[in-house]
Amino acid sequence: MLSQTEENYLKAIYHIEASHVKNVSTTLISKSLVTKASSVTDMLRKLADKKLVNYEKYKGVKLTTEGKSIALKIVRRHRLWEVFLVEKLNYNWDEVHDIAEQLEHIKSNSLIDKLEVFLNFPTHDPHGDPIPDSKGNLNIKETVLLSNAKEGVLYKIATVKDNSKSLLQFLDKHALTLDSEITILDKFDFDDSVTVKLQQENTLTLSKKICENVFVTIK
């Protein structure tokens, strides 16, 4: 049985790989987990011994088939718990990430399968991220970063990065939630901010940082 720390490493590597990074370096893992590079190296060796990652010093790391399978189970548990917390316990979407980080380490597959049934088989979590099914399959939406979206096109918010409480609170304040419709009116080269039109015909200027953390899909 894996420790919580080992599971956290596998999940971190999975998320970095999923962001289309070709070389998952110890530096990226260290930054993701807020830990020392030397500690990362030690853990990667341990995971390599367990055949969960392929690791070669200075050449990065990659999950093995078994390692990815375990990572997907962790992600599945995390995202199902987030749905439960929001839909059944009335938590706000900016409150559930840290709680789900703890609940994801409950390893009972039967509990998670029953939780999925109880929630009526959700495909995405409260932040729009896909929930792996029991076989590890993902229902992935075609999205584009708001920073790369085109002017004059009607979009809806599809996914929001869930690890920034302040971002989620900002979006809540301006009634920007999943499926909210927005149209880019203008882009500013000076600071890469954008002005968007909201559903209520109001306009709002969003910073570059916000636009790089919100994914949209064409309406």
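The values are calculated or read from the model by the stated rules, or taken from the named source; none is laboratory data. Remember, predicted model here, so these are calculated numbers, not experimental data. FYI the Cβ positions are ideal-geometry reconstructions off the backbone, even for glycines, and counts take in every protein chain you see. Remember, those area values only see protein heavy atoms, side chains included, never the ligands or the DNA or RNA. Shrake-Rupley method; radii C 1.70, N 1.55, O 1.52, S 1.80 Å.
If we keep just the residues of segment 148-165 that are open to solvent by 80 Å² or more (accessible area, probe 1.4 Å) and without any contact (Cβ under 8 Å) to a residue 40 or more places away in the chain, which is nearest to Glu101 (Cα to Cα)?
In this case the residue turns out to be Asn148.
Looking at segment 63-81, can you tell me whether even one residue there is open to solvent by less than 30 Å² (accessible area, probe 1.4 Å), within 18 Å of the chain's Cα centre (by Cα) and free of Cβ contacts under 8 Å to residues at least 12 places away in the same chain?
no
Among the residues of segment 12-41, write down those that are crowded, with 18+ Cβ neighbours inside 10 Å, within 19 Å of Ser69 (Cβ to Cβ) and small (Gly, Ala, Ser).
Ala12
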